[in-house]
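Worksheet: one structure, shown below.
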Amino acid sequence: MIGCTCAVCRSHDPRDRRTRPSIFIAVDDGPSILVDTSTDLRQQALTHGVTRVDAILYTHSHADHIMGLDDVRRFNVMQDGAIPAYADERTTNDLKRSFSYIFNPPEEKGGGIPQISLTTINGAFNVGGVNVRTVPIFHGARPVLGFRFGSFAYLTDCNRIADEAWPLLVGLDILILDALRHRPHPTHFSVAEALQVVERVKPRQTYLTHICHDLPHAATNASLPAGVELAYDGLALPIEVDKWT
Ligand SMILES: [Zn+2]
Ligand SMILES: [Zn+2]
Ligand SMILES: [Zn+2]
């Protein structure tokens, strides 16, 4: 956190160095899918060797999840084409407004503009041969999207699971779930609230994300129940996706 000298912000443990939340799914013989274009997208791609993006999925339009969109230009150049992006209606509208130079380009040319083909989603959809299901969750009063791919689900930025979403979370192998800090927050799960979700959903393994500097990695991990850990930048996991047949 800017201007903070707490133990976590001064920590030498690389797992305490947290850039903005985002995940990248590289499917064998399938697409490379980026979830959100975080403010830190450029550095994340350089650090973790992301060299291809076939599709972008958006959870919601808060700045930390969209502001790296301009850096997609590099993938357009390398791949010589537009990249499909998927978002719900509200996020689609917000993206069009926040990035008017992309979606309503100026007449005068000069400087590259990202090439994005934006599709509004609602429910299940197919990304390059991979089945994706949207999971309706709430981020404060605001409905946002979680995503399920096969036995893996990513639920960042939420503090409530919609009633109709619980059946979509049955039989998970891996769940990534928001847990900002110990103290309650109006739009994010606390650790205790996230653990209640884990108890109900019973994934084989859960990783908590969107963690703030209240939670030192090593000490917090040691206090969590079996099958629950903090996620960290660069964490890589094998997952099973559900391919379109
Ligand atoms: Zn701090
Ligand atoms: Zn948010
Ligand atoms: Zn966020």
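The values are calculated or read from the model by the stated rules, or taken from the named source; none is laboratory data. Every value quoted in this text rests on a predicted model; they were computed, and no experiment measured them. Here Cβ is always computed from backbone atoms with ideal geometry, including for glycine, and neighbour counts include all displayed protein chains. Side chains are part of the model used for accessible areas, which takes the heavy atoms of the whole protein and leaves out ligands, DNA and RNA. Shrake-Rupley method; radii C 1.70, N 1.55, O 1.52, S 1.80 Å.
List of remarks:
- Flag if Thr120 is in contact (Cβ under 8 Å) with a residue 24 or more places away in the chain, in contact with a Phe, Trp or Tyr (Cβ under 7 Å, 6 or more places away or on another chain) and more than 16 Å from ligand 1 (Cβ to nearest atom): no
- Residues of the range 116-166 that are open to solvent by 10 Å² or more (accessible area, probe 1.4 Å), charged (D, E, K, R) and not in a strand (DSSP E or B): Asp163, Glu164.
- Just one of the listed residues (Glu229, Glu193, Glu199) is acidic (Asp, Glu) and either at pLDDT below 95 or assigned to a strand (DSSP E or B) (or both), namely Glu229.
- For Asp16, the conditions (1) surrounded by fewer than 18 Cβ atoms within 10 Å (Cβ to Cβ); (2) within 16 Å of ligand 1 (Cβ to nearest atom); (3) not basic (Lys, Arg) all hold with the exception of (1).
- Of note, Gly30 does not satisfy the criterion of being among the small types (Gly, Ala, Ser), more than 16 Å from ligand 1 (Cβ to nearest atom) and surrounded by fewer than 14 Cβ atoms within 10 Å (Cβ to Cβ).
- Matching strands (runs of 3 or more DSSP E) fully within the range 18-113 where at least 2 residues are farther than 30 Å from His213 by Cβ: 83-87
- Close pairs from the range 1-14: first in a loop (DSSP other than H, G, I, E, B), partner more than 6 Å from ligand 1 (Cβ to nearest atom), Cβ under 6 Å, at least 6 apart: Val8/Asp16; Val8/Pro216; Asp13/His217
- In a residue-by-residue description of the range 197-206, the property of being of a type in the set (Ser, Thr, Tyr) and within 16 Å of ligand 1 (Cβ to nearest atom) applies to no position.
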